[in-house]
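Participant: Input: one structure, supplied below.
The values are calculated or read from the model by the stated rules, or taken from the named source; none is laboratory data. Source: prediction; values computed, not measured. When we count neighbours, we look across all protein chains shown, and the Cβ atoms used for this are built from the backbone with ideal geometry, even at glycine. Ligands, DNA and RNA are excluded from the accessible area calculation, which covers all protein heavy atoms including side chains. Shrake-Rupley method; radii C 1.70, N 1.55, O 1.52, S 1.80 Å.
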Amino acid sequence: MLAGGALAHGDVQPQPVNTDGLDPLGTEWKVENPYRGNEKAVAIGDSGYNQNCARCHGLQMISGGLAPDLRYLPTGKEGDEYFVERMKHGAVINGVTKMPAFDGILSQEAMWAIRTYLEAKHEE
């Protein structure tokens, strides 16, 4: 038996992401990343990723196998659609939460900043 046990996603509290310095995006979701190429968004996304995503997807997006390696997430509109769907709604597989839903927890600005960071670190 493991001392303390590992409870995974259900035991993790999402951390707020400070998006000061980014243009506000309003309430209607953008279909494409409005911050693409924005260095301020990359820096904010780096922080947001490390606070909310790295524990499963790995430091600097290098996954240890628990979750997908996000360095290979498609760029552009195709990747944006997948990213928004997963971030907003999470992933439940066979009744097990594999990724929590962040809709209503992280702002649109925070999610797009994280997406901007992911694209800045993209690998083929």
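Participant: Quick one: count up the residues across region 70-90 that are open to solvent by 40 Å² or more (accessible area, probe 1.4 Å) and either of a type in the set (Gly, Ala, Ser) or in a loop (DSSP other than H, G, I, E, B) (or both).
Facilitator: 2
Participant: In region 104-116, what residues are modelled with pLDDT of 95 or more and closer than 15 Å to Arg86 by Cβ?
Facilitator: Scanning region 104-116 gives Leu106, Gln108, Ala110, Met111, Trp112, Ile114, Arg115.
Participant: I'd like the full set of residues that are open to solvent by less than 20 Å² (accessible area, probe 1.4 Å) and not in a helix (DSSP H, G or I), limited to region 43-66.
Facilitator: The answer is Cys53, Gly58.
Participant: Go through (1) modelled with pLDDT under 95; (2) within 20 Å of Gln13 (Cα to Cα) and name the single condition Arg71 misses.
Facilitator: (2)
Participant: While we're on this one: Exactly one condition in (1) open to solvent by less than 40 Å² (accessible area, probe 1.4 Å); (2) modelled with pLDDT of 95 or more; (3) within 17 Å of Ala120 (Cα to Cα) is not met by Asn38; state its number.
Facilitator: (1)
Participant: Next question. Report every pair of residues separated by at least 6 positions or lying on different chains whose Cβ atoms are under 6 Å apart, first residue within region 91-109 and open to solvent by 80 Å² or more (accessible area, probe 1.4 Å), second part of a loop (DSSP other than H, G, I, E, B) and not basic (Lys, Arg).
Facilitator: Ile105/Pro14
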